[in-house]
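K.L.:
A single structure is presented below for examination.
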Ligand code: GLU
């Protein structure tokens, strides 16, 4: 079963509990437009040809939104499946975008910075001149193998192609903060995961149904992939929630320490040595796939799709699978895990933090002003006035720590994180209420897709199909 088929089967499962006509269901599931490009770039005097794609899955809202992936495994099926997941994800968390995804078949580690810039700028020209990149219709963002650096080149290329577009800066999100990026976007997907899991652990019945109890504190995590998402999610939850990361699986193998790994130290070690092998105070296993099956409370796949599939699903030894990657559990594995009582917290919800904060960045760019610029000092003043009023009325001094908290005016990062937290809480509350109220819905993934499909259907019905 291909990745796209797997996503479609999951959507069919959600459609089966809804009353949606066959035609409308087909309209929702199908990919709206696909661009495939092949372009030559001169690398050290030799011409190399690159193949890339951008799929626009849904345009029921515009712009269509989603990342651009650089990897040798990228292909059309993957890009289409990921574009579809973007549609459902945006609808679920009330981000008013359609879904899109792009990919370039390339191994970025084989090219210098200069070469990557040349290739990225050329790919951007292909996308922009063929109608697959603009602040109004299609807005890329980082994904596997891309980051702020690539987004900076993309937005700069777009700006030079369309200098008359006053909103050029909103043509790409996930940019560096000195180039129109919003504070908090870099770690947004990881922070969103933390907010999402905290919300899950606020509902003790859900926690007990997953075979766990208490709070996030002390929960044993196995993390697959210490890239942007895996690293930020696990280091934020280690620092702020007291989780224990007992294993980290990377490209060159896995490291295990049941007493807990220092995620930041592992990350630094990886940046220096290129892998996890040799990290002190941990046992190294060359075969990382075996460590995926290690006993833990929460397994967090944060790398590629389909890593939990019908081959290994029977051996997964976690209570919860926290889907940080897109599509890490196949449709077949999903069924096996459900039968075994292992709870999946689905990607469409749990990793939506990235696109939620991309939405904030896009809005910030269209308003041409950073968040908090108008109200921060006023906010601060209100705090000072409240403190003063309290002290005058009671004759007592407010302790310094509380005074500082009360007189802090919200800056851009505070506002972004507040909006992200709220979006994640609301989405989970909606998911669990659909699961509770609809007897035909037995899992969080189906509940999430039911919500997404209902929203997309009502947007089609309200505006008409034409
Ligand atoms: N690539 C990320 C995702 O899969 C972010 C997409 C975006 O911000 O547009 O959700």
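No lab work stands behind these numbers, since they all come straight from the coordinates. The model shown is predicted, which means the values in this text are computed figures rather than measured ones. Virtual Cβ from ideal backbone geometry, glycine too; neighbours counted across all protein chains shown.
K.L.:
Please report how far the C-alpha centroid of the range 1-75 lies from that of the range 87-152, rounded to the nearest whole angstrom.
P.N.:
Centre-to-centre (Cα) distance: 13 Å.
K.L.:
Let me ask something additional. If contacts are Cα pairs under 8 angstrom and at least 6 residues apart, what is the relative contact order of the range 291-393 in percent?
P.N.:
Relative contact order comes out at 21 percent.
K.L.:
If you don't mind, there's one more thing I want to ask. Quick check: Cα centre of the range 404-462 to Cα centre of the range 161-190, how many Å?
P.N.:
Cα centroid to Cα centroid, the span is 24 Å.
K.L.:
Could you calculate the contour length gain from residue 209 to residue 251, that is, 0.36 nm times the residue separation minus the distance between their Cα atoms, to one decimal place in nm?
P.N.:
11.8 nm
K.L.:
First check a/c for the range 262-409, with a ≥ b ≥ c the square roots of the eigenvalues of its C-alpha gyration tensor; if it is under 1.5, answer rounded, and if not, answer prolate when a/b is larger than b/c or oblate otherwise.
P.N.:
Prolate, since a/c reaches 1.5 and a/b exceeds b/c.
K.L.:
At 0.36 nm per residue, and after removing the present C-alpha to C-alpha distance, how many nm does the segment from residue 405 to residue 178 gain when stretched out fully?
P.N.:
Extra length available between residue 405 and residue 178 comes to 79.0 nm.
K.L.:
Normalising by the residue count of the chain, find the relative contact order in percent from Cα pairs under 8 Å and 6+ residues apart.
P.N.:
Values: 917 pairs, mean separation 72.5, N = 466.
Here the relative contact order equals 16 percent.
K.L.:
Sort 87-93, 139-145, 150-156, 395-401 by the packing proxy (mean of other Cβ within 10 Å over each peptide's residues), most packed first.
P.N.:
Peptide ranking by packing, descending: 87-93, 139-145, 150-156, 395-401.
K.L.:
By the gyration tensor of its Cα atoms, with a ≥ b ≥ c the square roots of the eigenvalues, what is the shape of the range 363-456: rounded for a/c under 1.5, prolate for a/b over b/c, or oblate? Display every interim value, and only then the final one.
P.N.:
Numbers: a/c = 4.65, a/b = 2.01, b/c = 2.32.
It is oblate, given that a/c is not under 1.5 and a/b is not larger than b/c.
K.L.:
Which of the peptides 63-69, 284-290, 339-345 is most tightly packed, and how do the rest follow, going by the mean number of other Cβ atoms within 10 Å of each residue? Walk me through the numbers on the way to the answer.
P.N.:
On the way: 63-69: 27.6, 284-290: 14.3, 339-345: 17.6.
Descending packing order for the listed peptides: 63-69, 339-345, 284-290.
K.L.:
Per the helix-only calculation at 222 nm, which mean residue ellipticity applies to the chain, given -39500 (n - 2.57) for every DSSP H run of n ≥ 4 and division by its residues, nearest 500 deg cm²/dmol?
P.N.:
Roughly -15000 deg cm²/dmol at 222 nm, from the helical runs in the chain.
K.L.:
Now a separate question. Going by how many other beta carbons lie within 10 Å of each one, how would you line up 125, 388, fewest first?
P.N.:
In increasing order of surrounding Cβ atoms, one gets 388, 125.
K.L.:
Still on this structure: Expected output is a single nm value to one decimal: the length gained when fully extending between residue 77 and residue 129, i.e. 0.36 nm times separation in residues minus the C-alpha distance. What is it?
P.N.:
16.4 nm
K.L.:
Let me ask something additional. For the pair residue 262 and residue 397, how long in nm is the line joining their label points, each one 7 Å along Cα→Cβ?
P.N.:
Those two pseudo-labels are separated by 3.8 nm.
K.L.:
Using a 10 Å cut-off on Cβ atoms, rank the peptides 407-418, 178-189 from the highest mean neighbour count down.
P.N.:
Result, highest mean Cβ count within 10 Å first: 178-189, 407-418.
K.L.:
Shifting gears a bit: With viscosity set to 1.002 mPa s at 20 °C, what whole-number translational diffusion coefficient in µm²/s follows for the chain from Stokes-Einstein and a Kirkwood radius over Cα pairs? Can you show the working numbers first?
P.N.:
Values: Rh = 23.2 Å.
Taking Rh from Cα pairs, D becomes 92 µm²/s.
K.L.:
Determine the shape class of the range 83-136: with a ≥ b ≥ c the square roots of the Cα gyration tensor eigenvalues, call it rounded for a/c under 1.5, and otherwise prolate if a/b is greater than b/c, oblate otherwise.
P.N.:
Working: a/c = 3.20, a/b = 1.88, b/c = 1.70.
Prolate is the answer for the range 83-136, as a/c is 1.5 or above and a/b outweighs b/c.
K.L.:
In addition: Got the relative contact order for the range 37-156 handy, in percent, Cα pairs under 8 Å and 6 or more residues apart?
P.N.:
Once normalised by length, the contact order is 32 percent.
K.L.:
What number in nm² do you get for the range 318-404 if you take the convex hull of its Cα atoms and divide its surface by four? Intermediate values should be presented prior to the final figure.
P.N.:
Numbers: hull surface 42.1 nm².
Directional mean of the projected Cα hull area for the range 318-404 stands at 10.5 nm².
K.L.:
Still on this structure: Enter the Cα centre distance for the pair the range 199-228 and the range 332-393, rounded to the nearest angstrom.
P.N.:
20 Å
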